[in-house]
Amino acid sequence: MSEPKIIKLTERRPEVAPEDLINGFVPPPQFSDVSFDSYRPDERQPSQSRARDQLREFAAQRRESGFLSKLFGSKPKAGKGIYLDGGYGVGKTHLLASAWHASEKPATFGTFVEYTNLIGALGFQRARDELSGMKLVCIDEFELDDPGDTVMMSRLMRELTDAGVKIVATSNTLPGALGQGRFAAQDFLREIQALADQFTVLTIDGDDYRHRGSPTPPEPVDAAELDAVAAAAGDVTIARDDFSTVLEHLPSVHPSRYSRMLDGIDMMLWEDVQTIDSESVALRFVALVDRMYDRAITIHNSGARLDAVFTDDMVSGGYRKKYLRCLSRLTALASGTER
């Protein structure tokens with residue numbers, strides 16, 4: 001039997017050239033072969049099949065471009081985008097990736113945070129110019145965490161739709177309510193409303209499919225059991241680290257590089273998981289888990305159970321939805337239900 005390769009995540013500090021970032025905006029491995037046909041709507045929730053059918057039709061539409069459209073000055077109307085609103089685990093990302101696969105190319109797919117990181121790396125003008133050449137821009141987990149993001153993303157969405165780019169976004173928050181609980185959103189209502197006007201909202205109801213039959217993460221194991229898990233893993237690459245050292249390592253790597261940092265890793269073994277008491281550390285951890293979920297990296301851990309990584313104040317605070325999504329994904333990765 002082949003033996004696993006054991007590495008330390010904390011020894012990885014990848015470098016990614018800014019010009020290479022745009023090439024990585026494709027659906028993650030977990031969604032590399034999904035389609036509208038492979039989406040399985042809950043028969044008890046008709047909004048799921050309605051959203052699938054409307055998004056399929058939207059993805060099939062052709063972007064107006066070329067000589068005639070320029071000659072007659074035609075351009076798309078505001079509100080051309082589709083905004084998938086719904087709770088955790090109802091298949092929004094599956095549908096978003098299906099739209100990417102079914103659309104004309106070039107097209108991009110990334111999370112909201114990945115797009116803001118792209119703008120940070122390339123600058124607004126270059127990022128806008130790169131994205132303006134796309135047939136479709138897919139934005140997963142759309143959320144506004146600060147006033148700067150509000151103004152920047154409102155402008156970007158407006159300029160992309162003016163350029164004829166189709167946009168599909170997913171979120172757990174209706175577009176008109178973005179930013180609430182995080183900053184003085186009432187001071188930015190104009191920008192938030194302008195952003196909301198770019199979309200037609202499709203609401204998807206349903207329960208979190210990741211938690212059907214698995215409501216909580218598995219109980220943690222001891223060090224000897226982690227050894228046994230590693231020994232039985234076979235020909236895979238395992239990152240085994242003390243949980244606290246992982247948290248200490250995250251600030252040394254820009255979040256735009258977390259994906260590259262996880263390249264080739266099949267399993268995470270975390271020793272002595274503890275509750276995170278710093279919000280800034282917790283948000284970096286959320287970004288890491290999102291990229292782990294993209295790659296379906298399984299988790300085994302000692303210490304605290306994974307649903308205890310955030311404090312009660314965090315889960316009930318302004319970033320509540322981020323933390324709840326992260327807990328949902330941690331449960332899936334630890335339970336083997338991420339797919």
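Read the figures in this text as sums done on the coordinates, not as results from a lab. Keep in mind that this is a model prediction, so the values were computed, not measured. Here Cβ is always computed from backbone atoms with ideal geometry, including for glycine, and neighbour counts include all displayed protein chains.
Here are some notes:
- Unsatisfied cross-links (Cα-Cα over 28 Å) in the set Lys135/Lys321; Lys8/Lys105; Lys5/Lys105; Lys166/Lys321: Lys135/Lys321; Lys8/Lys105; Lys5/Lys105
- Rounded to 0.05, the FRET efficiency of the Glu3 and Ser316 pair, given R0 = 35 Å and the Cβ-Cβ distance, is 0.20.
- Estimated dipole of segment 262-339 in Debye, rounded to 20 [Cβ of Lys and Arg +1, of Asp and Glu -1, Cα centre]: 360 debye
- Beta bridges per DSSP with both ends in segment 226-339, % antiparallel, nearest 5: 0 percent
- On the basis of the beta-carbon distance and an R0 of 22 Å, Ser32 and Val236 show a calculated FRET efficiency of 0.75.
- Potential lengthening between Ala304 and Arg12 on full extension [0.36 nm per residue; Cα-Cα distance subtracted]: 102.6 nm
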